[in-house]
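Computed from the coordinates by the stated procedures, all read-outs in this text should not be read as laboratory data. What you are looking at is a predicted structure, and each value in this text was computed from that prediction instead of being measured. Glycine also receives a Cβ, built like all others from the backbone with ideal geometry; neighbour counts cover every protein chain displayed.
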Amino acid sequence: MKKSILITGAAGFIGSHLCDKFIGDGFNVIGIDNFYTGSLNNICHLKNNSCFKFIETDITKPFEINEHIDYILNFACPASPVAYQKDPIFTLNTCFNGVLNALEIAKKNKAIFLQASTSEVYGDPLEHPQKESYWGNVNPCGVRSCYDEGKRVGESLVFDFGRQNNFEVKVIRIFNTYGPRMDRQDGRVVSNFIVQALNNEPITVYGKGDQTRSICYVSDLVSGIDKMLFSAAGFRGPVNLGSDFEITIEDLAKKVIELTGSKSKIVYEKLPSDDPKKRRADLTLARKKLGYEPKISIDEGLKKTIDFFKQS
Ligand code: UDP
């Protein structure tokens, strides 16, 4: 019999790629989303797929799933700084009550539960690159804390719930990820730069552009999530997933201009508060425990993403 996976945030950027991956691998996928940041466009190609069922619901309210679930991937949460700061209380609610409601479904079904956490738990890091053993440098009362602290308490909740109820939980910390189906309006750096470049508009670099990120193409992330979901029993993580190719934001802007052949010029705008200065995933644990290796070069990934934005 086919196994079933529940994916929360199924209409989101990463969630929708996970739906495709697991349907392709022979699972029944039940996707749920409230369309707070997700889009029907990301899943409309699955409409008539007999292995896909969609439920529109908000995970901050208790919900029921009528069929048996073997695995849960909890990806429902606004994730870009613009989106998660729009209604910070909702973000916090999703990070706590949303996770708790999804965990209750896992408990009922004895399902393996994988929580999407984030590199934001490291805050503006004082250690570089960031290993999972680093406890982070988060401003608990700043504008990013609804997401940073939300995801931190989400990790506590998942680990405690797993320990207290004695079932399998797994936590991944996702570093900046990009690719087709990013929302062109959610303010993230890759989507902003590509859309601006394609329109020959100014490229908005915040601050001096010397802050860094390690950016990962979405198919690499999906392969890491797959490996973590089916990793050895008892391996709970947290484990970093993403890319360890680090680039300054200014160099990223130049690369996007070059790859799009754009006439855009860079303009420098105010750096948002608490914007992390440096970020690079330490992938030692993912490599050792999961045999994870990101494969898509930044040029290849950006070209595929540029093609997506040209067509959409
Ligand atoms: N950024 C930028 N211009 C933009 C959007 C973002 O310079 O138009 C910078 C932002 O200040 C941050 C980095 O790019 O340093 C990554 O931002 P993003 O919002 O994509 O993700 P974050 O890693 O901050 O959550």
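Directionally averaged projected area (the range 120-219, Cα convex hull): 8.6 nm². By its C-alpha gyration tensor, with a ≥ b ≥ c as the square roots of the eigenvalues, how is the range 249-312 shaped: rounded for a/c under 1.5, else prolate for a/b larger than b/c, else oblate? Oblate. Relative to its residue count, the range 73-167 spans a Cα convex hull of 97 Å³ per residue. Rounded, prolate or oblate, given the Cα gyration tensor of the range 81-124, with a/c below 1.5 counting as rounded? Verdict is oblate for the range 81-124. Comparing Cα centroids, the range 109-186 and the range 260-302 end up 17 angstrom apart. With the gyration tensor restricted to C-alpha atoms of the range 182-305, the semi-axes of the equivalent ellipsoid amount to 30, 16, 12 Å, longest first. Treat the range 27-66 as a sphere of radius equal to its Kirkwood radius over Cα pairs and apply Stokes-Einstein at 20 °C in a medium of 1.002 mPa s; give the translational diffusion coefficient in µm²/s, rounded to a whole number. Diffusion coefficient, whole number: 193 µm²/s.
Close amide-amide hydrogen proximity is noted between Val239 and Val171, Ile172, Arg173, each under 5 Å apart and 5 or more residues distant or on a separate chain (H modeled in the peptide plane; Pro and chain starts excluded). Checking the cross-link pairs Lys170/Lys277; Lys47/Lys170; Lys208/Lys278; Lys227/Lys304; Lys131/Lys289; Lys3/Lys227 against a 18 Å limit on the alpha carbon distance flags Lys170/Lys277; Lys47/Lys170; Lys227/Lys304 as lying beyond it. Net charge in the neighbourhood of Lys288 (other residues with Cβ under 13 Å of its Cβ; Lys, Arg +1, Asp, Glu -1) is +1.
Loop-located trypsin sites (Lys or Arg not before Pro) in the range 170-267 (DSSP state not H, G, I, E or B) with no more than 12 neighbouring Cβ atoms inside 10 Å: Lys208, Lys263, Lys265. For Ile65, the amide hydrogen comes within under 5 Å of no other amide hydrogen, counting only partners 5 or more places away or on other chains and with H modelled in the peptide plane.
Taking amide H as placed 1.01 Å from N in the peptide plane, the amide H of Ser80 sits under 5 Å from none that are at least 5 places away or on another chain. In this calculation the C-beta distance from Val143 to Asn97 is compared with R0 = 22 Å, giving a FRET efficiency of 0.55.
Per-residue extension of 0.36 nm, minus the Cα-Cα distance of Lys3 and Asp87, leaves a gain of 26.7 nm for this segment. Oblate is the label for the range 27-116, because a/c, from the alpha-carbon gyration tensor with a ≥ b ≥ c as root eigenvalues, is 1.5 or above and a/b does not exceed b/c.
Spin-label model, Leu126 to Lys108: label points 7 Å out along the Cα-to-beta-carbon direction sit 4.4 nm apart. The smallest convex shape that holds all Cα atoms of the chain, its convex hull, gives 120 Å³ per residue.
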